Amino acid sequence: MIGSGRFLITNGSRFFSTSCSVLKNSNAFQISGSISKLLHKYNIDVLESDFQKDIKQPLLENLRHRGLIETCVNEEELSKKIESSKLGLYCGADPTAKSLHLGNLLPLMILLHFNLRNHNIVALVGGATGAVGDPSGRTTERDHMEENIRDNNVKRIGEQMLNFFKNGLIYAESRNPNYDLNKFGNQQFVNNFDWWKRIGMLEFLSKYGKFIRINQMLARDSIKSRLSSDKGLGFNEFSYQILQAYDFYHLNKHLDVDVQVGGNDQYGNIVAGIDLINRLNKKKSSYGITVPLLTTSNGVKFGKSAGNAIFIDKELSAPFIIYQFMFNTSDEDVKKFMYKFSLLPISVIDKILDKHNLDKKMRIGQRFLAWEMCDLIHGDGEGYSCNILSELLYNKESDFSTNEILNAFRTQNMLHTMSLRELDSSTIGDVLSKCLIDLHSRSDIKKLIKSGAVSYNIGGGKVIKFKSFTDELNPSVHLRDNKLLLVKIGKSYHAIEVV
């Protein structure tokens, strides 16, 4: 072992390298230094064949193995076309909130896997359809949203989707060097309001109305369930499937999109789009893929309506929140979520799970899952930073270097700064009152110190309590390497960099 850099795999043997570049030799390649540290920590051996096997497996077969496909329309034909043609795929999200959440990610994972195999993807935000409201999976009509709020959500969600794919490609290459950044497909963002604003109602009915069959619309489960309810169904929501069907046709015609991907509650809307394309353009085949609903082993779903949404926007859910949420995953769900969200080869995931099953109390699977989710959503290295914060909080024996701790807090935008002149001869009360003014009042800090809830970590597993609000800070006593004051208040750590 030379340092703790990237994992170097050569001719089926495992080595370490401090180099961060991918070697050009076809028999030697590397994976991310951050995840390689975790693999090394738990003595999990990975081979070159693990990575080659995963990328050579037929794509739909790989996606089914990962549990990402619920249904596939025209699957046999699509399987052949994947290998022979460059496809276009899209999935859409309506701007019903400021941010996508973990429950929205499965369709995006399908698109990411296809993009990695050199297929083009389109991320659609429903600026138009969001104003109408999708009845799929709902028992009541959605609340009205003001136009300015919806427009802001469109902008934010569009940025989130493109950032997810941008981070996803980099993350993918860090997990399997067989992926080549120069051979990925194109990515594009569209807002369906851009074409719906140009189509009048009379024009649409006269040109496309005859191709839409009411009996098929009424037969769809999402419509039948609402029609039989006490509250019924408004014409706006009844018409939603027509709008989504036309979106698919428009993208098929103008952007060469062949496949629509969505949740399993979108199956009827996807089929409606395929039917419309078949009626209007019989020369062009189209396909659909639905993903399963993301639930825990107890049947609890992820989402806003379930009240447990974890958002992918850092402003709404910090990466550390995602890390802790996934770290608390039950043993029954670890395999399912690792297969779905990690881009490590399936055989490597199986090795991780084998190690996890040897001693489930160590929560090895949960640690990898939390690490992978943070790196996938927010970029390679985020999982490592969150792991440091988690270890500081919950493992008294953890002992990271001062620079590792500083970088972890800096990455999470949780690092406070203070000059040595300000800190020297100041009291702990003064320092905390100044640095944590947004979190605790001066009187709160006095009470916390008095109750014994405030301490400092000097490394080596030593955490020492402050005794008084007026305790003077001594750099040689309280600082780590003369540049870090690491304070624990209750169950939270705060890092103050002394510059």
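The values are calculated or read from the model by the stated rules, or taken from the named source; none is laboratory data. On a predicted model such as this, the values are computed, not experimentally measured, just so you know. Glycine also receives a Cβ, built like all others from the backbone with ideal geometry; neighbour counts cover every protein chain displayed.
Residue count for the stretch 276-293 under the criterion of being surrounded by 15 or more Cβ atoms within 10 Å (Cβ to Cβ) and assigned to a loop (DSSP other than H, G, I, E, B): the result is 4. Consider GLN160 carefully, then state whether it is at pLDDT 95 or above, touching a Ser or Thr at 6+ places or on another chain (Cβ under 8 Å) and not hydroxyl-bearing (Ser, Thr, Tyr). When the stated conditions are applied, GLN160 passes them. In summary, LEU392 fulfils each of the numbered conditions (1) surrounded by 14 or more Cβ atoms within 10 Å (Cβ to Cβ); (2) in a loop (DSSP other than H, G, I, E, B); (3) not polar (S, T, N, Q) with the single exception of condition (2). If you check GLY263, GLY273 for being surrounded by fewer than 24 Cβ atoms within 10 Å (Cβ to Cβ) and under 28 Å from the mean Cα position of the chain (by Cα), only one passes: GLY263.
Could you tell me how many of the residues in the stretch 330-351 are touching a residue at least 24 places away in the same chain (Cβ under 8 Å) and closer than 21 Å to GLU70 by Cβ? Result for the stretch 330-351: 13.
Restricting to helices (runs of 4 or more DSSP H) lying wholly in the stretch 49-135: which have 1 or more residues that are touching a Leu at 6+ places or on another chain (Cβ under 6 Å)?
Values: elements: 59-65, 75-84, 105-116, 129-132.
Result: 75-84, 105-116, 129-132.
Does THR417 meet the test of being part of a loop (DSSP other than H, G, I, E, B), surrounded by fewer than 16 Cβ atoms within 10 Å (Cβ to Cβ) and on the phi < 0 side of the Ramachandran plot? Answer is no for this residue.
Of all residues in the stretch 36-87, exactly one satisfies the criterion of being crowded, with 19+ Cβ neighbours inside 10 Å and of a type in the set (Lys, Arg), namely ARG66.
Filtering the stretch 326-338 to residues that are surrounded by fewer than 17 Cβ atoms within 10 Å (Cβ to Cβ) and part of a helix (DSSP H, G or I) leaves ASP331, GLU332.
Working only within the stretch 440-489, note down all residues that are among the β-branched types (Val, Ile, Thr), within 18 Å of ASP399 (Cα to Cα) and in contact (Cβ under 8 Å) with a residue 40 or more places away in the chain. Don't jump to the end; show me each part of the working.
First, pick out the residues of the stretch 440-489 that are among the β-branched types (Val, Ile, Thr): 445, 449, 454, 458, 463-464, 470, 477, 487, 489.
Subset that is within 18 Å of ASP399 (Cα to Cα): 458, 463-464, 477, 487.
Correct list: VAL463, VAL487.
Would you check if GLY268 is in contact with a strand residue (DSSP E or B) (Cβ under 8 Å, 6 or more places away or on another chain) and touching a residue at least 12 places away in the same chain (Cβ under 8 Å)? So GLY268 fails the test.
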